[in-house]
Amino acid sequence: RRRLLSEARPATKYGPYSEAVGGPGWTRNGATRAGTATGPDGTAGLSAIVEDTSTGLHRTYPDAGGLATVVAAGEHWATQIVVKAGAGSRNVQILFGSAFSALSLVVVNPATGAVVSTSGSPGRVAVVPLSDGCWRIEITVTSTTTGYVQPLVYLCNGTATTYTGDGVSSIYVGYVNSEKVANAADPPSSYVTIPAAAAVTRTADDVRLSAAALAQLTGAAGATL
């Protein structure tokens with residue numbers, strides 16, 4: 001499908017190495033990063049996060065350099081993460097913290113996109129179907145104190161995050177953006193690639209064309225851009 005996106009509002013996006021999740025700029029506990037998979041944009045932007053055989057948590061999350069700092073309580077923050085089922089049948093939990101007295105989370109079945117459970121006080125939770133078996137998980141929360149805003153990705157045995165891993169089960173994760181929004185129930189704005197740890201700011205009135213749309217313009221006789 002050929003797409004053109006016009007974004008009306010500016011946003012500063014956080015999510016280090018957003019298409020290399022679990023690699024540089026990300027901490028892993030009880031898990032490794034192994035291989036990639038094609039994401040909804042047709043590029044290899046998803047990373048396989050594979051649980052090890054330890055008993056405990058199996059997760060990945062951004063290092064401190066890639067986190068957004070909340071300057072005051074009462075701010076609203078939204079995150080979006082694309083997931084895809086890997087080996088085995090693990091669910092995925094997205095926990096959005098740390099500047100919150102009650103952490104908000106959602107557990108999703110990456111094979112079906114079904115919401116298994118939620119906890120805390122998210123203002124909004126959504127699971128959006130994408131191509132190639134991918135799902136975009138969105139969650140918006142309100143900070144209760146000054147501190148970091150951080151999305152954490154867990155493999156789940158059902159809804160349990162603490163269990164003995166089998167060394168094989170995995171999920172694919174990528175396309176991570178977190179941003180400040182105006183209201184508690186606002187979704188995140190359009191995805192922006194973050195190739196390193198520094199935040200990326202997109203201005204308002206930003207127009208983006210997919211590669212296919214651009215090819216139609218520049219490749220057609222008599223068309224210029």
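Brief remarks follow.
- Square roots of five times the Cα gyration tensor eigenvalues for the stretch 28-155, Å: 24, 17, 14
- Fluctuation leader among Y14, Y172, Y163 - the chain, Gaussian network, Cα springs under 10 angstrom: Y163
- As computed over the stretch 108-225, the Cα convex hull volume per residue (Å³): 186
- In Hz, Karplus ³J(HN,Hα) per residue of the stretch 165-175 (6.51, -1.76, 1.60; θ = phi - 60°; x = Gly, Pro): x, 9, x, 10, 4, 8, 9, 9, 9, x, 6
- Each of A182 and L217 was given a label point 7 Å from its Cα along the Cα-to-Cβ line. The distance between the two points is 2.7 nm.
- With each label modelled as a point 7 angstrom along the Cα→C-beta vector, the S190-D166 pair spans 4.1 nm.
- Net length available on complete extension from V200 to A114 is 27.9 nm, with 0.36 nm assigned per residue and the Cα-Cα distance removed.
- Apportionment of accessible area to carbon and sulfur, the stretch 129-225, percent (1.4 Å): 56
- Taking every protein chain into account, the accessible area of the stretch 75-225 amounts to 42 square angstrom per residue (probe 1.4 Å).
- Remark on S169: its backbone amide H falls under 5 Å from those of E51, a criterion applied only to residues 5 or more positions apart or on other chains, H modelled at 1.01 Å from N.
- Based on the Stokes-Einstein relation at 10 °C and a viscosity of 1.306 mPa s, and on the Kirkwood radius from alpha carbon pairs, the chain is assigned a translational diffusion coefficient of 89 µm²/s.
- H58 long-range amide H proximity, modeled H, under 5 Å: L155
- Cβ-based net charge around I194, under 9 Å, with every Lys or Arg adding one and every Asp or Glu removing one: 0
- For the stretch 111-188, the relative contact order works out to 30 percent when only alpha carbon pairs closer than 8 Å and six or more residues apart are counted.
The values are calculated or read from the model by the stated rules, or taken from the named source; none is laboratory data. In this text, all values refer to a predicted model and were calculated from it rather than measured experimentally. Every residue, glycine among them, receives a Cβ derived from its backbone with ideal geometry; neighbour counts consider all protein chains shown. Ligands, DNA and RNA are stripped out before the accessible areas are found, and what is left, the full protein with its side chains, is counted by its heavy atoms. Shrake-Rupley method; radii C 1.70, N 1.55, O 1.52, S 1.80 Å.
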